[in-house]
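Below is one structure; the comments refer to it alone.
What follows draws every value from the coordinates through simple rules; no lab data is involved. All values reported here derive from a predicted model rather than from experimental measurement. Cβ sites come from the backbone with ideal geometry, for glycine too, and all protein chains shown count toward neighbours.
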């Protein structure tokens, strides 16, 4: 089973059972964004997490095996059409150079890790319209000289 087939089976089971990512996160003890990334095939899960999630979703061991396989992390280079994903690209396009400059001013010449990394999504209620709070938390990795 490949990651695409795995994803479709997981999403169908999630919908059939009426679970949210928060529900599944609580069931397996992992953050919702990380768990969703595993289910989308962009990360691999430890065997015990994959087995537990498959138990919760009533999926067979073949799905768990696919979840433990190392992914190929790539994405389509085309501009995304989904409005939410497009807006995230827009944020990086508009603010990317600014964030790079501010981060390097505070930390020095380097990058933010996407490996030693966590991400969280929160809903902030606001009378003018609810707000999305994204927290990106990555280790700073300085460039080294030799």
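With neighbour counts taken as other beta-carbon atoms within 10 Å, the residues 124, 103 rank, fewest first, as 124, 103.
Summary of packing: across the peptides 85-95, 10-20, the per-residue average of other C-beta atoms within 10 Å ranks them, highest first, as 10-20, 85-95. Across the range 3-68, the fraction of Cα-Cα pairs farther apart than 19 Å, rounded to a whole number, is 13%. Look at 63, 121 and count the other Cβ atoms within 10 Å of each Cβ; fewest to most, that gives 121, 63. Among 66, 51, 27, the residue with the largest mean-square fluctuation in a Gaussian network model of the chain, with springs joining Cα atoms closer than 10 Å, is 27.
For the options 77, 104, 47, a Gaussian network treatment of the chain with springs between C-alpha atoms closer than 10 Å singles out 77 as fluctuating the most. Look at the alpha carbon pairs under 8 Å that are at least 6 residues apart: their mean separation over the length of the range 3-68 gives a relative contact order of 40 percent.
Beyond 26 Å, the tail of the calculated P(r) for the chain holds 39 percent of the Cα pairs.
Multiplying the residue separation of residue 26 and residue 78 by 0.36 nm and subtracting their alpha-carbon distance yields 15.3 nm.
Normalised by the number of residues in the chain, the average gap of Cα pairs under 8 Å and 6 or more apart makes the relative contact order 19 percent.
Per-residue extension of 0.36 nm, minus the Cα-Cα distance of residue 118 and residue 65, leaves a gain of 16.7 nm for this segment.
When the helices of the chain are scored as -39500 (n - 2.57) per DSSP H run of n ≥ 4 and the total is divided over every residue, the value at 222 nm lands at -16000 deg cm²/dmol. Note on the chain: GNM, Cα springs under 10 Å; of 32, 127, 46, the largest mean-square fluctuation is that of 127. Considering every alpha-carbon pair of the range 83-142, the percent of pairs per 10 Å bin, from zero through the bin containing the longest distance, is 19, 41, 32, 8, 0.
On C-alpha positions alone, give me the angle between the axis of helix 47-57 and the longest principal axis of the chain, in degrees, nearest 10. Here the helix axis deviates by roughly 60 degrees.
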